1. Just from the alpha-carbon atoms, what are the Rg and Dmax of the range 50-138 in angstroms?
2. On a 0 to 90 degree scale, rounded to 10, what angle separates helix 159-169 from the longest Cα axis of the chain?
3. Within 10 Å of each candidate Cβ there may be at most 13 other Cβ atoms; applying that plus a DSSP loop requirement, which GluC sites (Glu not before Pro) in the range 423-515 survive?
4. For residue 759, enumerate residues with amide H under 5 Å from its amide H, sequence gap 5+ or separate chain, H modeled in the peptide plane.
5. If you check each cysteine of the chain for another cysteine whose beta-carbon is under 4.7 Å away, which ones come up empty?
6. Taking the range 528-579, which GluC sites (Glu not before Pro) meet the DSSP loop condition and have no more than 13 other C-beta atoms within 10 Å?
7. For a 23 Å ceiling on Cα separation, which of these pairs sit above it: 177/199; 304/375; 328/498; 328/721; 645/674?
8. Using θ = phi - 60° and the Karplus relation 6.51 cos²θ - 1.76 cosθ + 1.60, list the HN-Hα couplings for the range 537-551 in order, rounded to whole Hz, with x at every Gly or Pro.
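Please treat every number below as a calculation from the coordinates, not as lab data. These numbers were taken from a predicted model, which means no experiment stands behind them. Backbone-built Cβ (ideal geometry, glycine too); neighbour counts: all protein chains shown.
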Amino acid sequence: MAEETVELLILPVRDVVVFPGVVLPIAVNRPRSTAAAQEAVRTRSRIGFLLQRNTSVEDPGPDDLYRVGTVASVVRFVTAADGVHHLICQGEQRFEVREFLSSDPVLKARVTLLSDSEEVSREVEARALYLRDRAIEALQLLPQTPVELVSTIQAVKAPGQLADLVISVTDADSTDKQAILETLDLGARLDRVIGALSKRIEVLKLSREIGEKTREALNERQKQAVLREQLRQIRRELGEEESEGASLEVKELTEAIERAGMPDEAKEQALRELHRLERMPEGGGEHSMVRTYLDWLVALPWSKLDPESLDIESARRVLDADHFGLEKVKRRILEFLAVRKLNPQGRSPILCFVGPPGVGKTSLGQSIARALGLKFVRVSLGGVHDEAEIRGHRRTYLGALPGNIIQALRRAGTRNPVLMLDEVDKLSASIQGDPYSALLEVLDPEQNSTFRDNYIGLPFDLSQVLFICTANVLDGIPAPLRDRMELIELTGYTEEEKLEIARRYLAPRQLAANGLASSEVRLSDEVLRRIIADYTRESGVRSLERQIGAVLRSIAVGVASGHEGSAEIAPDDVLRILGAPRYHGEIAMRTSVPGVATGLAWTPVGGDILFIESSRVPGSGRLILTGQLGDVMKESAQAAVTLVKGQAERLGVDPSGFDKIDLHIHVPAGAIPKDGPSAGVAIFTSLASLLSGRTVRSDVAMTGEISLRGLVLPVGGIKEKTVAAARAGIRTVILPARNRRDYDDIPESTRQRLQFVWAERIDDVLSAALEGAGARRAAA
């Protein structure tokens, strides 16, 4: 064995043993190791790798390292993105440290290079052949045999190189590899490698045997499942299955079907599906579908009816406690209870509450259920565009379910709940069908006793269900569906009604929501009136409740901060808490010049006022319309211009002057679409004011359609419009004379605050509306 003494840079490594003839990547991240690697690269010198005895030592010294290592050449030096340096090294020769020369900044040592003996005995050669065969055997036991490594092992001829290559690719412990590295005798080294490899081969064989046994067990279970199914079919053919009795699952379903109280047709269908279930394998795809179907059948309330409370006086107390006002609605509900008490077998009406948001439509349905002592379930129809949401999906579809009606009855657990179909006007047709058409059967008392859901596939009696629908507008609801419902309109609240609602319901509810006691906060009527007038402009009370909540939250901050005593909110505090008023009276300012008139409009959220502004500029007789007006409103404007031209002499206007001017009619709030014929009177009055130079009274608002003969024609939404007028501070409203029939629908408080002018012709409007016109009013 030839020996040579040289000086080497030493690089300590952890858990890695470099063998001669093996290319290996080494991660370098310690400062001294990095310096040694960089110096080796810079001077193109070889580097010596020594295994560290204790891997936890971060800065190893000479005593922490083994004495035998491998000298290697640096093939490549790479710095990764994370700052870790990587050396690609090729081991060349063993060495043994004679003495360490320095340790700062890098570790250096004087070493003796060790080489294998060139003479190979027959015993060594035999061991090398045996090792090669065992190594190839081990590689073939791996899940994926590395073909290139097999070729490399077969190509190596030197016994020492073979031993080093084989032990380097095994997962032996680093201390075992170090011991083999220190074994200089070839025979002993080969014996050590053969021993380590034999252990690895036994582990691989055992792992393969376990895998084969696992696969055999799986195959055996599959075989048993097939045999059990064949045995089941044989027993069925022999008629022996019934004698052994049904399974626990089948028994439970049978008992549930008996208890469900199904009609005969439904019971026969359920038993038929149960027999199908018995013949199906549990792992079959249709087994779960049939089981789910049976679960729905037994869960439906086929015969369960809750007792109703038909005490009229008790129901009246419940309705009065939950809602203020709404006398017409309450009267209709009490009429229904009276008829139900006298004729228990009569059909339930289909009620539809129509009104703007926030007026209590949904909560009214809950109150009806409480008054009757029945369960309340709500189905939201907003955005529904699939007929299957009402009728259900057919069972042939994966994941099929009953429709919302059947699902609601299952949740209620009874056949006579109060079922609210909320936002019925928000349905829409699509390629999946028309939900409105599906509701025709549901809401028809003549047909819904045999309602058939697509999923259930059996008639279900809905005649005992008290259906209540809610909608904001009726325009989008098809006429056949409207015909099946009894429409009850809920209009906007007046200021006095809002005050009473805030005092009775909203303030106590917000006190509880904000963790305050009634003794800690006092809200006066003046404060509530300030909030209603200056910070809300709505038909309902949702925004009002939010503003009350904002005021109480500011008080809650003081209470939570430890301020003792009760807090009384003054009207001036509202400005500090809620900021500047959002709404204020601007009618006098808007109508202080000729050409501006105040009209009344109906919106889905209640009534509102709008201003009609007219102007004239030099031109050629054109009519300019702005404010995002609809087609009907544009036609009303054209009719108003024609009528003004016809009345020019009576208005004191030169008829020949129209060809020299352009008339511009504008309705402010241009971002909001506007349409309808009811602004005709206001447009005519605005033009008449402009051309005659007389202003329109600031406390007058008007609505009505006009004809070219000067007649004032009736319009809708009178109650909402008059409530809005009173809310906006109007004192006089001009209405079509043919709308006198709607006078009784106007709230009493609104009647007392307004003076009514019933106009037959446009002359009546001008007399009441224009300043200095000798107003003639026909008061109600």
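1. When restricted to Cα atoms, the range 50-138 yields Rg and Dmax of 18.0, 52 Å.
2. The answer is roughly 20 degrees.
3. On the way: sites: 423, 441, 446, 486, 489, 495, 496, 497, 500; in loops: 423, 446.
Hits after loop and neighbour filter: 446.
4. Sorted by chain and number, the residues that satisfy this are 735, 737.
5. If one checks each Cβ against the other cysteines of the chain, 89 turn up with nothing under 4.7 Å.
6. Values: sites: 538, 545, 564, 568; in loops: 538, 564.
For GluC sites (Glu not before Pro) across the range 528-579 that sit outside H, G, I, E and B with at most 13 neighbouring Cβ atoms in 10 Å, the list reads 564.
7. Listed pairs above 23 Å: 645/674.
8. Taking θ as phi minus 60°, the curve returns 8, 8, 7, x, 10, 5, 5, 4, 5, 5, 5, 4, x, 5, 5 Hz for the range 537-551.
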